[in-house]
Amino acid sequence: MSKTFFTVGPSQLYPTLPQHIQEALDKQIGTISHRGKQFQSIYKHATDGLRTLLSIPEDFEILFLSSATEIWERIIENCVEQHSFHCVNGSFSKRFYEFSVELGKTAVQAKAEFGSGFYAADLQIPSQTEIICLTQNETSSGVKMPVSEINKVKSKHSEALIFVDAVSSIPYPQFDFSVIDSVFFSVQKCFGLPAGLGVWILNKRVIAKAEAMLAKGIKTGTYHTIPSLLSKAKDFQTPETPNVWNIFLLGKVVEDFNKKGIEVIRKETDTKAKMLYDFLGKSSVFTYGVTDAALRSDTTIVANTSVPSGEVIKKLEAEGLVPGSGYSSYKEKQIRIANFPAISIQDTESLIQALQKHYA
């Protein structure tokens, strides 16, 4: 039986991926040199497509790394002499904060309870803060930070660099790149690709900070310092042999997204999110994992369940539908449902119908 995965990462593969994989095999993409013209063309195709899809300005750079987890570390190494600030309201935002602590920085966190989030007006950010780390969509708890709130943070702290983790939401949010300095994501969630590739979008202010730290003699890493990454990116290359396969597939899926249109993707996301939240609002078994409606994720729907999530997942999987369990200590108390572009409105209807059948 073919299954539809509503897991929040790795998630459902994008429907066109098989044909792109076949093309990659036909072109022997897995064996080409990362110093050759064919790879340069693949890199450029992917980054050009991302610029169109996300309206990324030309003065922002796009870099490829192994994962968003690696990008957390590179941000701290390259851009923090001493002081970082983190909004922490789940397992992933907490881990970003912990990276800064482990790298010997003075990291300050604003903490919110699991299932809660942040409004800019409530944040007390120290004046010496060099970077502000915001998680636009906390995958573990299904809480978002609205783009409007991110913009307000910048307006009050214009000197600090703003880094936005959008791992499980991009391309849905419409970011204002005149406000944020960097955003990053991995491809195994909303882009419907196999894991193993992180994408880091950053502006000249970020680059200048990394260069200034190096000029002071501060070590910022090895082969993946920002200057080393940029020295190769200008020629559409990477410092080391990268995940050529996934960069090729990303370029192809982004091309598909652009043909469909970002506004269509966002509208479909809104439709599916409303369907799921409407169902939760009427259910006697499931309730909202996020109480504040303004902070409920559009792409990672989290529901409390009065029935162990393992039982729910087992029943749905028998029908070819696979939601995710809750995260960590919430494993049996919640289910998480991906609302990514690879999942259609019809898929979402099928999931809701199955939930209604078993848990009316």
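Values in this text are rule-based calculations from the coordinates and carry no lab data. Quick caveat, the model's predicted, so the values are computed rather than measured. Using ideal geometry, Cβ is built from the backbone for each residue, glycine included, and neighbour counts are taken over all protein chains shown.
Here's the picture: charge each Lys and Arg Cβ at +1 and each Asp and Glu Cβ at -1 in the chain, and of Ser231, Thr106, Gln19 the one pushed furthest to the positive end of that dipole is Gln19.
Compared with the alpha-carbon gap, the fully stretched path from Ser66 to Arg205 is longer by 47.7 nm at 0.36 nm per residue.
By the beta-carbon count within 10 Å of each Cβ, the least crowded to most crowded order of Met145, Met1, Met275, Met213, fewest first, is Met1, Met275, Met213, Met145. Partner lysines whose Cα lies under 29 Å from the Cα of Lys357, excluding those fewer than 8 positions away in the same chain, are identified as Lys3, Lys189, Lys267, Lys272, Lys274, Lys282, Lys314, Lys315, Lys331, Lys333.
Give me D for the range 1-138 in µm² s⁻¹, whole number, from Stokes-Einstein with Rh from the Kirkwood sum over alpha-carbon pairs, 37 °C and 0.692 mPa s. Kindly include the intermediate steps, with their values, before the conclusion.
On the way: Rh = 18.5 Å.
Roughly 178 µm²/s, to the nearest whole number.
A simple spin-label model places pseudo-atoms 7 Å from Cα toward Cβ; at Ser231 and Asp347 they are separated by 4.2 nm.
May I ask you to work out the translational diffusion coefficient for the chain at 25 °C, viscosity 0.890 mPa s, via Stokes-Einstein with Rh from the Kirkwood sum over Cα pairs, reported in whole µm²/s?
On the way: Rh = 21.0 Å.
Value of D from the Cα-based Kirkwood radius: 117 µm²/s.
What residue among Tyr330, Trp245, Ser116 has its Cα farthest toward the positive end of the dipole of the chain, where the charges are +1 on Lys, Arg and -1 on Asp, Glu, each on the Cβ? The listed residue farthest towards the positive side: Trp245. Placing +1 on each Lys and Arg Cβ and -1 on each Asp and Glu Cβ, with no other charges, gives the chain a dipole about its Cα centre of roughly 180 debye.
Just need the Rg to Rh number for the range 205-360, please, alpha carbons only, Kirkwood Rh. Before the final figure, lay out the partial values.
Values: Rg = 21.6 Å, Rh = 19.0 Å.
That ratio equals 1.14.
Sites listed here are GluC sites (Glu not before Pro) in the range 239-286 whose DSSP assignment is loop and whose Cβ has at most 13 other Cβ atoms within 10 Å: Glu240.
Exactly which trypsin sites (Lys or Arg not before Pro) in the range 230-285 are in a DSSP loop and have at most 14 other Cβ atoms within 10 Å?
Values: sites: Lys232, Lys234, Lys252, Lys259, Lys260, Arg266, Lys267, Lys272, Lys274, Lys282; in loops: Lys234.
Filter output for the range 230-285: Lys234.
Applying a DSSP loop filter and a limit of 13 other Cβ atoms within 10 Å to the trypsin sites (Lys or Arg not before Pro) in the range 12-102 leaves Lys27, Arg35.
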